[in-house]
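The values are calculated or read from the model by the stated rules, or taken from the named source; none is laboratory data. All values derive from a computational prediction rather than experimental measurement. Here the Cβ is made from the backbone with ideal geometry for all residues, glycine too, and neighbour counts use every protein chain on show. Just so you know, the surface numbers come from the protein's heavy atoms only, side chains and all, with ligands and any DNA or RNA stripped out. Shrake-Rupley method; radii C 1.70, N 1.55, O 1.52, S 1.80 Å.
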Number of protein chains: 2
Amino acid sequence: MTTTESTELRNGVDVPTLFATLDAVKANPELAKFQFRATNRWVSGTHNRGTIHGFYGAGQEMTHNQAMEFDADHPAVLVGADHGPTPAEYLLHALAACLTSGLANIAAARGVTLTEVESTVEGDIDLLGILGLSGEVRNGYEQIRVSFRIKGDDPEKLRQVVEQSRKRSAVFDVITNGVPVTIDVTAG
Amino acid sequence: MTTTESTELRNGVDVPTLFATLDAVKANPELAKFQFRATNRWVSGTHNRGTIHGFYGAGQEMTHNQAMEFDADHPAVLVGADHGPTPAEYLLHALAACLTSGLANIAAARGVTLTEVESTVEGDIDLLGILGLSGEVRNGYEQIRVSFRIKGDDPEKLRQVVEQSRKRSAVFDVITNGVPVTIDVTAG
């Protein structure tokens, strides 16, 4: 049993199930259509609370094990009460998490063992944009830098795994290429 | 005291401090240069944990009141252990939170009172992209829809507040227009 488990689980990834999932989607591409969701409720000032629970995927409505709540706020220096990270920091977290989840799967699929993966994401932003004090400064980040420190098998293989994760990352794609967003308002 | 407080605090926003902050930045635009950060550590499989704590802004290194940790994972249907939302869901949360924080500030600055703000964000994604099963399907969301339900003052004013928040949202800008991202790897 121990031998079987150590073969099937690499980096904590259930490799046979990963390949079986790929085969199932190849046979029925409709299974790949997902819709992710988040809801948000304003609390006070810049403090608001997001909830993530249900999603659609693999042909059915599904839920996470539990509803998860995430507070967002501005820090005191930006006239908030610091009840949580700023929304712009959650965006950086999403990017690091996506690249990291992806590389763990990719490494497992390639038979590459990981022992440690850490990353730091930095985003430079000039608030003259969102404060409405400049018509030339954009609202969002001017640039984002991700630094990975990764240990395990051969360094060149590890670098290739990170590169492949970049090439297949949903959040990296959204952040670098943009996505159309519509906003609908029911007021009153 | 009660009268003074009700005048100065609108929607929980300290309006005099908000305007004083705008004046301070107008006088010294360097104060507007911020750098936000997130770090991430891989746990196992697609499970990893992000930390948000320090940032640079207003001319100095700063920290949030406390370091905050956020687990990310894939759900079971995507061969994860569901220890947290997917990274792509954190991105949707960031968008709702940014629009909501912004509209609370903008409403306060305009003297518009809010009583309730809720939103839902939906992102459609075809996983054929990230699974590497199609060369034509993008990795990220194909489209994102935000729906606000907002109550308080005159509905037309509320709609204008949402529209102004969209125009000045950092996360909306990043997600709709994209940002250059560099990835640096130290391996071995």
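Structure data summary
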{"item": "Some residue of segment B:114-130 being open to solvent by 40 Å² or more (accessible area, probe 1.4 Å) and touching a helix residue (DSSP H, G or I) at 6+ places or on another chain (Cβ under 6 Å)", "result": "yes"}
{"item": "Residue, farthest from the other protein chains (Cβ to nearest Cβ), within segment A:149-177, restricted to residues that are under 15 Å from the mean Cα position of the chain (by Cα) and small (Gly, Ala, Ser)", "result": "A:Ser165"}
{"item": "Candidate set: segment A:45-67, residues that are of a type in the set (A, V, I, L, M, F, W, C) and surrounded by fewer than 17 Cβ atoms within 10 Å (Cβ to Cβ); chosen: the one nearest to A:Gln35 (Cα to Cα)", "result": "A:Met62"}
{"item": "Failed item, numbered, when A:Gly84 is tested on (1) open to solvent by 10 Å² or more (accessible area, probe 1.4 Å); (2) within 21 Å of A:Arg41 (Cα to Cα)", "result": "(1)"}
{"item": "Among residues of segment B:144-187, those that are part of a strand (DSSP E or B) and of a type in the set (Gly, Ala, Ser), counted", "result": "3"}
{"item": "Qualifying residue in segment B:131-154 (condition: in contact with a Gly (Cβ under 7 Å, 6 or more places away or on another chain), small (Gly, Ala, Ser) and surrounded by fewer than 22 Cβ atoms within 10 Å (Cβ to Cβ))", "result": "no"}
{"item": "Residue under evaluation A:Thr182, criteria (1) at the interface with another protein chain (Cβ under 7 Å from one of its Cβ atoms); (2) of a type in the set (S, T, N, Q); (3) closer than 21 Å to B:Gly135 by Cβ, criterion not met", "result": "(3)"}
{"item": "Segment A:50-76 - residue that is more than 8 Å from chain B (Cβ to nearest Cβ) and more than 18 Å from the chain's Cα centre (by Cα) and, of those, nearest to B:Leu99 (Cα to Cα)", "result": "A:Ala76"}
{"item": "Which listed residue, of A:Ala24, A:Ala38, is touching a His at 6+ places or on another chain (Cβ under 6 Å) and either surrounded by 21 or more Cβ atoms within 10 Å (Cβ to Cβ) or under 13 Å from B:Leu78 (Cα atoms) (or both)", "result": "A:Ala38"}
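So that you can scan it fast, the table gives a plain yes or no per residue for (1) out of contact with any strand residue (DSSP E or B) (no Cβ under 9 Å at 6 or more places or on another chain); (2) without any contact (Cβ under 8 Å) to a residue 12 or more places away in the chain:
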residue: A:Arg49; (1), (2): no, no
residue: A:Met62; (1), (2): no, yes
residue: A:Ala72; (1), (2): no, no
residue: A:Val77; (1), (2): no, yes
residue: A:Tyr90; (1), (2): no, no
residue: A:Ala96; (1), (2): no, no
residue: A:Gly102; (1), (2): yes, no
residue: A:Asp126; (1), (2): no, no
